[in-house]
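The values are calculated or read from the model by the stated rules, or taken from the named source; none is laboratory data. Just so it is clear, the structure is predicted and the values come from calculations on it, not from any experiment. We place every Cβ from the backbone using ideal geometry, glycine too, and count neighbours over all the protein chains shown.
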Amino acid sequence: MIRRVLFTNIGWKALAIGLAVLLWFIMVRDLDLITTRSAPVLLKNMPRDLFLVAGASDPVQLELVGPPKAVTASSLAETAVLLDLRNVDRAGDHTFTLSAGDIVLPRGVSFRSATPSQVRLRFDRLAEKDVPVRLQISAGPPDGYRVKRQEITPDRLRVLGPASRVKELAFAVTDDVDLSAVVSQAAFSVNTFLADPQVRLSSPAAVKVTVEVERQPQTAQPRTPAAGPAPARKQGN
């Protein structure tokens with residue numbers, strides 16, 4: 001009885017089972033998955049007269065949805081938040097609320113949400129000026145010598161950066177110069193350094209340092225007066 005039920009219309013039954021398996025594979029293959037991805041913040045159309053002071057340094061956590069083959073680590077490797085700055089025309093804070101149009105995604109993947117949902121960028125006006133260069137000496141001349149003359153070429157450098165930071169920067173300094181073996185004149189080629197990381201040099205960083213040393217004059221020792229003859233003792237009566 002059971003054998004008759006199993007094998008009656010076996011062809012149709014096999015076809016039905018095959019179609020069911022095929023349908024299951026199609027449904028599983030096309031089932032969308034939800035995943036999260038940490039994405040960097042990239043900027044385009046940066047205004048030439050503005051400087052980015054703060055923001056865009058931390059990645060954004062994205063919630064994405066797509067088929068299994070599209071949400072793998074390799075497929076999402078180039079996912080990023082891309083902010084268009086073409087409408088930024090002044091210094092100060094500018095807030096961007098993230099949407100699907102700001103996200104670079106592979107085909108078939110959709111954007112659901114972002115954490116944080118907004119990115120705030122701070123801009124300052126771009127400024128430049130010339131600052132003097134100060135010589136930094138790590139070791140002075142040998143004993144008995146002193147610096148007679150020092151010359152830095154060029155003695156001023158052009159710097160560029162946010163206006164508020166450029167205004168506060170007073171000078172650039174050279175790398176250490178060692179004079180411990182100099183007894184006449186020596187020239188050094190050294191780089192310069194800016195204490196503020198948001199300000200950069202717009203001229204070459206290397207300068208030439210020329211230092212001339214001389215012997216220190218000997219200090220004359222005070223002379224002790226010579227002792228004269230002892231006064232004669234008066235003889236008493």
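When you go through R134, R107, R146 one by one, which is the residue that is modelled with pLDDT of 95 or more and of a type in the set (K, R)?
Among R134, R107, R146, only R134 is modelled with pLDDT of 95 or more and of a type in the set (K, R).
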Condition set charged (D, E, K, R) and at pLDDT 90 or above, scope region 13-68, selection nearest to R86 (Cα to Cα): answer is K44
Could you figure out which of (1) modelled with pLDDT under 65; (2) in a loop (DSSP other than H, G, I, E, B); (3) of a type outside the set (K, R) isn't true of L76? (1)
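So for region 148-165 (the condition being of a type outside the set (G, A, S), assigned to a loop (DSSP other than H, G, I, E, B), in contact with a Leu (Cβ under 8 Å, 6 or more places away or on another chain) and surrounded by 15 or more Cβ atoms within 10 Å (Cβ to Cβ)), does at least one residue qualify? Please lay out each step first, then the result.
Restricting attention to region 148-165, the residues satisfying the condition of being of a type outside the set (G, A, S) are 148-160, 162, 165.
Those still in the list that are assigned to a loop (DSSP other than H, G, I, E, B) too: 154-155.
Remaining after also requiring in contact with a Leu (Cβ under 8 Å, 6 or more places away or on another chain): none.
Taking every residue of region 148-165 in turn, none turns out to be of a type outside the set (G, A, S), assigned to a loop (DSSP other than H, G, I, E, B), in contact with a Leu (Cβ under 8 Å, 6 or more places away or on another chain) and surrounded by 15 or more Cβ atoms within 10 Å (Cβ to Cβ).
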One residue is enough: does region 65-84 have a residue meeting the conditions surrounded by 12 or more Cβ atoms within 10 Å (Cβ to Cβ), of a type in the set (D, E) and out of contact with any helix residue (DSSP H, G or I) (no Cβ under 9 Å at 6 or more places or on another chain)? no
Take V183 and decide whether it is assigned to a loop (DSSP other than H, G, I, E, B), among the β-branched types (V, I, T) and either farther than 30 Å from S38 by Cβ or not assigned by TED's automatic domain parsing to the domain that holds A205 (or both). yes
Matching entry among G140, G144 (being on the phi > 0 side of the Ramachandran plot and either assigned by TED's automatic domain parsing to the domain that holds A186 or of a type in the set (V, I, T) (or both)): G144
Select from region 85-109 the residues that are small (G, A, S) and loosely packed, with under 14 Cβ neighbours inside 10 Å and list them in ascending order. G92, S99, A100, G101, G108
Among the numbered criteria (1) surrounded by 13 or more Cβ atoms within 10 Å (Cβ to Cβ); (2) in a strand (DSSP E or B), which single criterion is violated by R120? (1)
Assess whether V81 counts as being within 13 Å of L121 (Cβ to Cβ) and modelled with pLDDT of 95 or more. yes
